[in-house]
Structure formats: C-alpha cells, structure tokens
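Q: Once you've had a glance at the structure underneath, I'll fire off some questions.
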Amino acid sequence: MQTTRMWIKIVRVLCMVTIAAPFLAGCWDRMEIEERAVVLGVSIDMANTEKAEEQEDEISHLHGTIPAPSKGMIRVAVQIALPGRIPLGPGESGGGGSGSVGKTVWVIEVVGHSLNDAFMNLQQQVSSKLFFGHLRVIVISEAVARKGLENINDYFRRNSEVRRMAWMMVAKGKARKFMEASPPLERVPTLYLMSTLDEGIRMGKFPKDYIGIFWSNVSKKGQEGFLPFVEIKKEQNVEIKGLAYFVGDHMVGVTKPLEIAGYLAVKGINPAGYRVFVQLGSPEQSVMTTATHRRSKIKVQIKDGVPHFTIDIGIELNVEGKVSNDIQINNPDILKLIEEKQGEDAVKFYSDIIKQSQEKGSDYFGFGEIVRARKSQYWNKRIKTAEEWSKMYKQCTFEVKVAMKVRRIGMKGV
C-alpha cells in the first residue's frame, strides 16, 4: 500500500514538472535589445556593376574559385535605430529642429549581387545581429521594380521577422534619398513614410496595400499586384504619385495621382476623399466637388467567348466651392446639371483607367478573380493560368455606369 502511494506521488510530481517546464523555458533563446541592430527601413537601388565590384569584399564568394552570379548588382541602404534615441511617448513624437536623421537612426550602404548577399555584406560591418521585426518601410527604385522583384520578394517572404503590415513602395528616382530624408513633422523618416500612407488610407486617398496584401495579389491567378509610387519633394515631404502596377514581379506602368480615386471607385472602397473640378459650361463656370461615399457592383457575362464586365458605380458628393459667383448652386436644376456632368466625365475617366491597364496586361483590379469565382467552368476550360488571363484581359469588354448624387452644398448656397 505504501509503495502504491509513493508511486502516485512520484507520478504527480513528474506531471507537475512536465506541465511547468514549457512555462519556465520561455526565455531560453532571449536576446537583449541592445544586442540587436534594429532595421527600420530599407532602400534598394541599381548599382554600377564595375564600381560596385570594386567596393565589394570577398565575403560570400571568392574570385576565380566561387564566382558570383553575373546578374547586375544592387545598392542597399538601411536605417538602423540608435538605442535610446527613438521617441517613445506622445510628447517626444514631434519634429522641429531636432528632426535630424543622424540623431535617431544610422544609415549604412552596401552593395551585393542579390539582396541576401547585400545583407551578408552588411552583417559583416555591423557588430550586432540585424533584426527585421520592426521593419516598417521598404523603398525600391523604379529601375529595380521594372527589372523585377523576384529576389526581393523571395528574401523578405522567407524572413519570418518581417511583418506583413510593413509597407513596400516604388520611388521615383533614387530610393536611398528616402533613407536620408529629415521631415520636420517626424524625427524618424521611416515612421513619416509609414504614417503618410496610413493617413492616406484613413482619408480615402489610398487603398490598403501592405506588403502582405501585395504578396497575396501577386500570388493570385486572376489579379496582379500594385505598390504606392512615391516621390520626395524639396522640403523633404513625400508625395504619393500614383499606383505602380505589375505583371508578375515586373512593374509595367504608373497611374496619375487622381487615377487612384478611379481605382477606389471601381472597387467601391470607402471612405472617399478626392476633390475634382466640374465644368458646367465655360472654364469659369466650374465648381469643385468632393466624394464622400462610394459603392460598386461588378457583374460578369461571357459574350462571344470573352468576359464582359458591367460596373455599376454610385458616388455621393458634396459641393465644396465655386469659381464664379454666377452659379446658383442652391438651384435644383444646377445641382442636377452637376450630377449629370460629373457622371459623364466619370464614365470616360474610369473607362480610360481600365483600358490603360488592359494595354499593359495588368489586371490589378482583380477582374480575373471575379471570373474564377463566378464563371469557374469557363476559367478551368479557357484560362487556367495567370499568363493566359493576362492575354485574355486585353480582350475583355467593359460597360461602366455611374450615378452621382449631391448630398450637401455647404452653408452658403448663393
């Protein structure tokens, strides 16, 4: 009897130890934050191969025995946070005269034959381990984007530290300039870039397009990806120039800034936030309106073996102002004329955006996914692959219908 009780106690102790062990081993692989080089932003540019090879040391290859790939080289710059310099509280988030890049981040530049090679070279120069868990912004030059993002997407998708809520963007000109910018509104440049796009979403000026969404769209058979196309201005502020859209991993075109509103309207994404001029007669007889709400309904039919899409768009408007005092915007006839004129302009505007994407074979709207979902037999028989959809998309026909409704005209109607 005593032996039985002893074995029961031993079993209980073993069970308690087994249950407690996972909780006690939570810090077995811990690394202090001071031991990490926290990467906040990355820029990627094309490099002159001859000059870059002179700057590169034999870290990942040896001349003559382990040759490097003959593919063109890239130039990578990173922003590394300086310990104790990043503002943590609301009172420290402002910019002002203390917004110098050198006081909050350290910018280092390296070259490499691939992104992995470049980070290998960078790690050789930095004492702490590179950590990408706080990576917020990846800026790619237009030249790199047009050449292709296969290696870049592959590296970051394989890295488990990279968050899918980070932003990837295409820069007009050199991408490195974004790593060295010092905007007065923010002491950390990458946080300013991130907040510019996040606020664009909140104000209805840009769709959600985090790096995870971009990778998801690129992987789809019936949709292509797009990235924000940005440019840095003289005062270190950043302008969203449009959507850089892709075919596979290669950038093929860029929209204008206002055409972002066209994409948002076709997709029915809210809130709405763009303002446009509407001419009622002569250029002097113009009013400015702002969209406040969008709705969109897309139908697809197969006509003569080709998908035909009917897009029904409804937009609610506010009249923001008028150019001439001759316009009586509190007149119901004038309000109806505004709706009709802007509706006519919008039909052509949206149709032209879709036609432009068709010419490039880049369905970044996702019409192919609608065909896959609603006409699956047709897709499985005629399309099957992303490459075939890119060809078929150029032949698709579209009918765009737009209904405008003025809701508010402001406090002063005369």
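Nothing in this text is a laboratory measurement; each read-out follows from the coordinates by a stated rule. On a predicted model such as this, the values are computed, not experimentally measured, just so you know. Quick reminder, even Gly has a Cβ in these numbers, built from the backbone with ideal geometry, and neighbours come from all protein chains shown.
Q: Which option, (i) 25.0; (ii) 22.8; (iii) 22.0, is the value of Kirkwood radius over Cα pairs in Å that was calculated from these coordinates?
A: (i)
Q: How would you rank L197, L317, going from fewest to most other Cβ atoms within 10 Å of each one's own Cβ?
A: Numbers: L197 21, L317 25.
Least to most surrounded, the residues fall as L197, L317.
Q: Using alpha carbons only, how many degrees (0 to 90, rounded to 10) separate the axis of helix 189-202 from the longest principal axis of the chain?
A: For helix 189-202, the angle is close to 40 degrees.
Q: For segment 259-408, what Kirkwood radius comes out of the mean inverse Cα-Cα distance, in Å?
A: It is 16.8 Å.
Q: Quick check on the chain: of the DSSP beta bridges with both residues there, what percent are antiparallel, nearest 5%?
A: Close to 65 percent.
Q: Using Cα-Cα distances under 8 Å and only pairs 6 or more residues apart, what relative contact order does the chain have, in percent?
A: With pairs under 8 Å counted, the relative contact order is 13 percent.
Q: Could you work out the helix-only [θ] at 222 nm for the chain, with each DSSP H run of four or more residues adding -39,500 (n - 2.57) and the total divided by the number of residues, to the nearest 500 deg cm²/dmol?
A: -10500 deg cm²/dmol
Q: Here is a follow-up. Ranked highest first by the average count of other Cβ atoms within 10 Å around their residues, in what order do 251-257, 302-308, 225-231 fall?
A: Order by mean packing, descending: 225-231, 251-257, 302-308.
Q: Using alpha-carbon positions, what is the distance between the centroids of segment 172-201 and segment 255-276, in Å?
A: Comparing the Cα centres of segment 172-201 and segment 255-276, I get a distance of 22 Å.
Q: Quick check on packing: order 236-248, 118-130 by the mean number of other C-beta atoms within 10 Å, highest mean leading.
A: Going from most to least packed, we get 236-248, 118-130.
Q: How big is the antiparallel share of DSSP beta bridges in segment 259-408, given as a percent to the nearest 5?
A: Rounded to the nearest five, the antiparallel share is 65 percent.
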